[in-house]
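Here's the structure we're looking at; comments come further down.
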Amino acid sequence: MTIRALEKVSVGQNGIGAFILQCKRLDIHYCDHSGSSRGMNAFIKTHLSKFAQTHPAIEFAVSPRPRKHPVMIGHYINGRQKAICVANMEPSQILKKAELLRDASGDKVKRVNKPVTSINESVRGVWSPYHGNGMAV
Amino acid sequence: MSRSLLRTLLELRAPSTPRPAAQFKLPVRPLSTTPLRRNSPALSDSATTPNQNSAAASSIPTIPTEAAPLVAESRPPTSQAAEALYPRIPQQVNPSTNETQTTVAQLLPLLRTQPAHYLTAHIWGRPYLVTAGDQIRLPFKMPGVVPGDVLRLDRASTLGSRDFTLKGSPYIDERLFECRATVLGTETEPMRIKIKTKRRQRRNKQVRSKHHFTILRISEVKINGPEAVGL
């Protein structure tokens, strides 16, 4: 007797039942001396604590990266990363970039033409000319 | 067991667990549906929406430009901000005839008993034919929402199952159904580069554009009986 795998009953879809934020970690790198990190240092002092408090699902890791531009790297559930260089930006601009990393799904960006994607079967089925009352010509 | 039979069984089972709120923000965030229930007198005295028989005779669906298509309901602390962004505009329901009332009272229970349902939800004037579990990529970035928010979509023009369809003129009475969508996040697209040329000029100009889109997931499609409109 051969071993048969169990048939999959359902497919997990985020947002049905539970919602899980796709961004799991945000690495924040800064430099103490470089001028390009001035906005990033101000962001860490003023905005970051409040932003981290409102997002308990994200792990924030702040670490220095001397003699380099400041960078924010988002790590996602699907294993991908998204990195943004925030050199010479104001703290408010950096906050917008942090929100962009939070909202992203981590997937590769691609053009989508159809607005609705579905894995469900068609509700009304496929039209057949051989059934029903026919069409008066 | 066939798949449709299983699905019918699952539908018949009473919902045991309440719908969880978004989990990444605050530990306890009750869904506040009470601010949604501000029925205007124009809503409460009108009976119901016309059914499929009268919809053919009704006017072509027109889209009111100022209609607020959805209500953010999962954030009680910022509900005032959400109401300022999306003010609640009560639905204008056309008075229905006796014939449509009887057909709704007779046929809507049959529509409810069929397992799968679809509806054409309208968000800012655009129709999206969705079933429960579908994902919508809106053609814009919706302001004032964060991932995990639950929106109630209250404008729909059609609502149906395999054999029955309820059509609105232009919209179905919002008390007849409950459709909720979860905000999944914001997606974007690869940078578009359009090269602009002018005649007899040696220079080309590159115009770059990159748009952002809000992603929604339809988490719930529920149809109420004709009792919801007093039939």
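No lab work stands behind these numbers, since they all come straight from the coordinates. Keep in mind that what you see is a predicted model, and the values were worked out from it rather than measured. When we count neighbours, we look across all protein chains shown, and the Cβ atoms used for this are built from the backbone with ideal geometry, even at glycine.
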Item to check | Viscosity 0.890 mPa s, 25 °C: Kirkwood-radius Stokes-Einstein D of region B:151-192 over Cα pairs, µm²/s | outcome: 193
Item to check | Spatial extent of region B:179-231: Rg and Dmax, with the Cα atoms as the point set, Å | outcome: 23.3, 72
Checklist entry - Cα-based Rg of region B:113-181 per 2.2 N^0.38 Å, rounded to two decimals? => result 1.15
Checklist entry - Rg to Rh for region B:76-139: what is it, with Cα atoms only and Rh by Kirkwood? => result 1.08
Checklist entry - Can you give the extra length, in nm with one decimal, that the chain gains between B:Ala228 and B:Lys141 once fully stretched, where that is 0.36 nm per residue apart less the Cα-Cα distance? => result 27.9 nm
Item to check | Normalised contact order of region A:12-131, rounded percent, pairs of Cα under 8 Å and 6 or more residues apart | outcome: 31
Checklist outcome for this item: In Å, the Kirkwood estimate of hydrodynamic radius for chain A over Cα pairs equals 19.0
Next on the checklist: Can you tell me how region A:1-77 classifies by the Cα gyration tensor, rounded, prolate or oblate, using a/c under 1.5 as the rounded cut?
Outcome noted: prolate
Checklist entry - What is the dipole size for region A:1-60, taken about its Cα centre, with +1 at each Lys and Arg Cβ and -1 at each Asp and Glu Cβ, in debye to the nearest 20? => result 80
Item to check | Largest-first principal axis extents of the Cα set of region B:88-231 (Å) | outcome: 72, 34, 31
